[in-house]
1. Normalising by the residue count of the chain, find the relative contact order in percent from Cα pairs under 8 Å and 6+ residues apart.
2. If you stretched the chain out fully between Phe93 and Lys19, how much longer would it get, using 0.36 nm times the residue separation minus the C-alpha to C-alpha distance?
3. For the modelled label position 7 Å from the Cα of Leu153 along Cα-to-Cβ, which residues of region 102-136 have backbone nitrogen atoms closer than 20 Å?
4. Return the ratio Rg/(2.2 N^0.38 Å) for the chain, where Rg is computed over Cα atoms only.
5. Which net charge results for the neighbourhood of Asp182, defined as the other residues with beta-carbon distances under 13 angstrom from its beta-carbon, given Lys and Arg at +1 and Asp and Glu at -1?
6. Just name one of Phe190, Phe61, Phe177: the one whose Cα is farthest towards the positive end of the charge dipole of the chain (beta-carbon charges, Lys/Arg +1, Asp/Glu -1).
7. Under 8 Å for C-alpha pairs, at least 6 residues apart: give me the relative contact order for region 2-115, rounded to a whole percent.
8. What Rg and what Dmax come out for region 102-213 when only alpha-carbon atoms are used, in angstroms?
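What follows is calculated from the coordinates using simple rules that are stated; it is not laboratory data. Treat the numbers as computed from the prediction; the structure is a model and nothing was measured. As a convention, Cβ positions derive from the backbone with ideal geometry for all residues, glycine included, and neighbour counts pool all protein chains shown.
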Amino acid sequence: MADSSTGSTVAAPKQERSKQTKEKIVQAAIKLFQERGYEKTTSNEIAAEAGVSVGSFYVYFTDKRSLLLTIFDRLADDLYKVVFDGLEPEHLFDSDLRPKIRHAIANSIEDKKKKSGLHKVIYELVLKDPEFSARHKAIMERSNTKLRELISLARVADLTWDLDVEAAAFLVQRVVFDLSQDFVIGCVEFDLDRAIDSLTDLIQRFLFRPLNP
């Protein structure tokens, strides 16, 4: 069966064995998309890599595109967690916030680097596929909303400079995202630790007043 362009998925499996089969397909797709890219990978090859029949593939996914959309959502959720789990409102009042800012930036880059091939595949589709583009915008808005929430709380507590919260959140998000994306797709050659350290200092000084001026 040829891969179609639809983005719909089949109902989620309820039995444990079915969940395991679906997960095998997802992991096989991640492996092949990373190694071969999207265009050179077929649904039949994913099924073979997963050790399931082609018919079983279509029980869980309508095509490889719907499978990649599922993977995209999972990657986004995982990245959101590794970035923001260590940046909760109570952390804003820590005497030394710098390690937490650095940890969030480093996680943003390192999490993407672990699956760099997959991120490259998705990034290419974001640029040309409307549904991938819409998902990307929703993902960016989710993280931007979280940043606005954190910066707003810090602003109310007089921890920040007198700044435009919305613009500050937008700029911080774009700088971190663009840097991480460039490292992942190989657009830059620079010492990663030095880049993270300098970006950490830049963001902290841009947003926060010194605790003991």
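1. On the way: 192 pairs, mean separation 45.1, N = 213.
Computed value for the chain: 21 percent relative contact order.
2. Extra length from Phe93 to Lys19 when fully extended: 22.4 nm.
3. 102-108
4. Values: Rg = 20.0 Å, N = 213, 2.2 N^0.38 = 16.9 Å.
Against the empirical 2.2 N^0.38 Å value, I get 1.19 for the chain.
5. Working: positive: Lys112, Lys113, Lys120, Arg174; negative: Asp178, Glu189.
Here the charged neighbours net out to +2.
6. The Cα lying farthest towards the positive end belongs to Phe61.
7. On the way: 95 pairs, mean separation 34.3, N = 114.
Once divided by the residue count of region 2-115, the mean separation gives 30 percent.
8. Rg and Dmax of region 102-213, Cα atoms, are 15.5, 50 Å.
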